[in-house]
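The structure under discussion appears below in the form of structure tokens.
Nothing in this text is a laboratory measurement; each read-out follows from the coordinates by a stated rule. Just so it is clear, the structure is predicted and the values come from calculations on it, not from any experiment. For neighbour counting, all protein chains shown are included, and Cβ atoms are generated from backbone atoms with ideal geometry for every residue, glycine included.
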Amino acid sequence: MNSFKRKRILVTGGAGFVGSHLCRRLLDDGQDVLCVDNLYTGNKDNIVDLLDHPYFEFLRHDVTLPLFVEVDQIYNLACPASPVHYQAAPIQTTKTSIMGALNMLGLARRTNSRIFQASTSEVYGDPHIHPQHEGYWGNVNPIGLRSCYDEGKRCAETLFFDYQRELDVDIKVGRIFNTYGPNMHPDDGRVVSNFIIQALLNKPITIYGDGQQTRSFCYVSDLVEAFVRFMETPKGFTGPVNLGNPGEFTIKQLAEMVIELTGSSSELSFKPLPSDDPTQRCPDISLASRELGWQPEIQLREGLQKTISYFDQLLAEGRYKMD
Ligand SMILES: NC(=O)c1ccc[n+]([C@@H]2O[C@H](COP(=O)([O-])OP(=O)(O)OC[C@H]3O[C@@H](n4cnc5c(N)ncnc54)[C@H](O)[C@@H]3O)[C@@H](O)[C@H]2O)c1
């Protein structure tokens, strides 16, 4: 006999880049998905194909306000993730992280739901150790331009662990490293989307600094797989767990790969490095490999090809125009 029971799953930030992939994955798994988003950086285009799905609902709502719904699980992703967007409204970013966490934790407590928090590698700030493991406490500037995001996410983690210790809420905290893929915002200033758009338009590719700073890049389907596996781990396994791809590339290598894959005539253009930009960021994912039996499978070249096709289509359909 089939004992599968459809779960009612809330995804906050579900109309954003990662959230839209997560909603799709959960529906594919047969779950009943409630996507909550205020569409600050999210876009209905990311979920338009889901709106007619019988087990998908979209609710326009701001997580800084309380939400009363009946659910079995919560994935709390609501928060602008790109510096351009979170720095445009820094107070709202801190409110979203902290009040959003409080409201969702309150909901998890009332409904006795398991709750996943989309935290970030930014909690490590400009790290002194490489690669970063979960025991590292970080090196974060509390008053800089990135602090609304970094400190907001750090405080959200604090709230998650205090709800667990004090109120026995069933929490899972994932620290996400750079992720890329279709549905990324074309103008969010993140390196992968920037480079792809510039290359597709044969414009100069802007590199901040000398391009020797390294980043790791995780393809979105790998990340979503980790979320779902983490959610299924036993109660008490809380994390934090690093989720990302440990393969390190310099920014210059990324630019060169994008130029090659798009067949672009773009040249590299070097600009000064913004303040608080980390020089190296790489996850230690041994905990995720051990506890979730997970590791990323999509190679950068393959993921870039899929992402390039997405942006190519966006430009071809006139859904994005560069200023
Ligand atoms: N993409 C990455 O590389 C990355 C890295 C680390 C952490 N994360 C985290 O993962 C989550 C998703 O990131 P993303 O890349 O999909 O970003 P995104 O900006 O595409 O998605 C965030 C979504 O949250 C929504 N949102 C923002 N404020 C809200 C509010 N107050 N109420 C309701 N909805 C709100 C936005 O409209 C958007 O749809 C974020 O919490 C982010 O901090 C992402």
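Quick rundown of the values:
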item	result
Lysine pairs in the range 176-323 with Cα atoms under 23 Å, if 8 or more residues apart or on separate chains	8
15 Å Cα-Cα reach of LYS7 towards aspartates and glutamates, excluding residues that sit fewer than 8 places from it in its own chain	ASP28, ASP29, ASP32, GLU57, GLU70, ASP72, GLU232
Relative contact order computed over the chain (Cα-Cα under 8 Å; 6+ residues apart), in percent	17 percent
Cubic angstrom per residue, convex hull over Cα atoms of the range 8-316	119 Å³
For peptides 11-18, 238-245, sequence by mean Cβ density within 10 Å, most packed first	11-18, 238-245
Trypsin sites (Lys or Arg not before Pro) lying in DSSP loop within the range 1-47, provided at most 16 other Cβ fall within 10 Å	LYS5, ARG6
Potential extension, VAL48-TYR208 segment - 0.36 nm per residue separation minus Cα distance	54.1 nm
Mean-position separation - Cα centroids, the range 58-97 and the range 105-182, in angstrom	14 Å
Partners for LYS95 among lysines (Cα-Cα distance below 25 Å; same-chain residues under 8 apart left out)	LYS44, LYS153, LYS172
Interchain or long-range residues, amide H under 5 Å from VAL173's placed H	GLN117, GLY239, VAL241
Long-range amide H partners of LEU268 with built H, under 5 Å	ILE205
Environment charge of SER97, counting only residues whose C-beta is closer than 12 Å and scoring Lys/Arg +1, Asp/Glu -1	-1
³J(HN,Hα), Karplus 6.51/-1.76/1.60, whole Hz, each residue of the range 211-216, x for Gly, Pro	x, 8, 5, 9, 9, 10
Label-point gap, in nm, between PHE161 and ILE129 - each point 7 angstrom along Cα→Cβ	1.4 nm
Semi-axes of the equivalent ellipsoid for the range 1-53, Cα gyration tensor, largest first, Å	23, 10, 8
